1. As I understand it, the value is the acute angle between the Cα axis of helix 330-342 and the longest principal axis of the Cα atoms of the chain; what does it come to in degrees, rounded to 10?
2. Kirkwood hydrodynamic radius (Cα pairs, Å) of the chain?
3. Using alpha carbons only, how many degrees (0 to 90, rounded to 10) separate the axis of helix 148-165 from the longest principal axis of the chain?
4. For the chain, what is the calculated [θ] at 222 nm in deg cm²/dmol (nearest 500), taking -39500 (n - 2.57) for each run of four or more DSSP H residues and dividing by its residue count?
5. Express in nm, to one decimal, how much length is gained between residue 289 and residue 40 on full extension, taking 0.36 nm for each residue of separation and deducting their alpha carbon distance.
6. State, to one decimal in nm, how far the label point of residue 247 lies from the label point of residue 104, with both points 7 Å from Cα in the Cβ direction.
7. I'd like the orientation of helix 297-315 relative to the chain: the angle between its Cα long axis and the longest Cα principal axis, in ° from 0 to 90, rounded to 10.
8. Roughly how far apart, in whole Å, are the Cα centres of region 231-287 and region 41-92?
Amino acid sequence: MPTTYKFCFGPWNISEGQDPYGPTTRPAQNFDWKLKALKKHGYDAMMFHDDDAVPDIDGKSDAQIRKECKELKKKLDDHGIAAEMVAPRLWFSPRTIDGAYTSNSAADRHYAIERSLRCIDLAHILDTDLIVLWLAREGTYLREAKNASRSVDLLVQAFDKMLSYDKKIRLSIEPKPNEPMDHAYVPTIGHALAIAQLTIDSKRVGCLIESAHAILAGLDPADEIDFAMTFKKLWSLHLNDQNGMKFDQDKPFGSTNLRSAFNQVRVLERTGYGKHGEYVCFDVHPFRTTRPEHWLNHLDNSRKTFLKLVKKARTFNDKAAQKLIADRNYQDLDQMVIEHLLGK
Ligand code: XLS
Ligand code: MG
């Protein structure tokens, strides 16, 4: 049976256009506006950072956090929208300047773990068992500042605390090799899955692949997806695109390399991603030049491209391809793919 895909994005994907060299170019919209837009444009779920769900979470009491989160859950229910995941935003606070779980300060590491446990409370209320961990500042600007082996131990200790706090929660690690750090400790899916093996319950530690992050690591996103699916560990997916190894661009899916996008979709189709309820998420941002009236186009265009590529994957002439492969005629296999993508 072909997969019927479900789609989602996060409130941060309707961003205002700021970059390190200039301010916003679009007026901010509030959460209710974003939720309505998500619903109107036909998406199924929303992704949340903990402070997307409960703004200013650090300044609020446990009771207040729970109250606000329940109000959010009701809003989502009223719109028929699911929460795909919750992710602790551990890279904004003054207490995570030197990293979160791998900070050199014991007090700051404690803060990071406590905040992650609160994030699990939110996931409960929002009825998702998926915690996404983008390990933004778990790395260094200079390697002499930390010790890699100790950092792995500290990451495992933090994951173990989360896994034992809640026996049902699953952790999905989102690797990225750099930015904001010079070098991150978990740059690829191989690293994420290796660390999972050291935890008290490796079955509940998987991963999330973001196309751009794989490209930033010099890897092929389709192969990263295939690798994770081989281990049955791909529990979420951030499709987007990226022009080479520079700053994280979060371009629309297929924007830079259509063939790579096709190969990502082909692997998803072949391995059955989505058949156990996993979502296709677009972690894309509008261009800085985008006008407010075109504000959701980067998301809708990504989904449009994805669905067109699903058709391309399903109509690819596998028999003919297999013949060329058997004949080691990769020259014509290459052309066959190009002509298939170009269409009639
Ligand atoms: C940043 C990440 C981030 C995560 C969510 O590069 O892609 O947006 O997906 O924490
Ligand atoms: Mg992402």
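1. Orientation of helix 330-342: about 70 degrees from the principal axis.
2. Final number for the Kirkwood radius of the chain is 21.0 Å.
3. Helix 148-165 sits roughly 80 degrees off the main axis of the chain.
4. -13500 deg cm²/dmol
5. Length difference between fully extended and current span is 87.3 nm.
6. Taking the two extended label points, one gets 2.8 nm.
7. That works out to roughly 40 degrees.
8. 24 Å
Every number in this text was worked out from the coordinates using simple rules, so none of it is lab data. On a predicted model such as this, the values are computed, not experimentally measured, just so you know. Because the Cβ atoms are built from the backbone with ideal geometry, glycine has one as well, and the counts that use them run over all protein chains shown.
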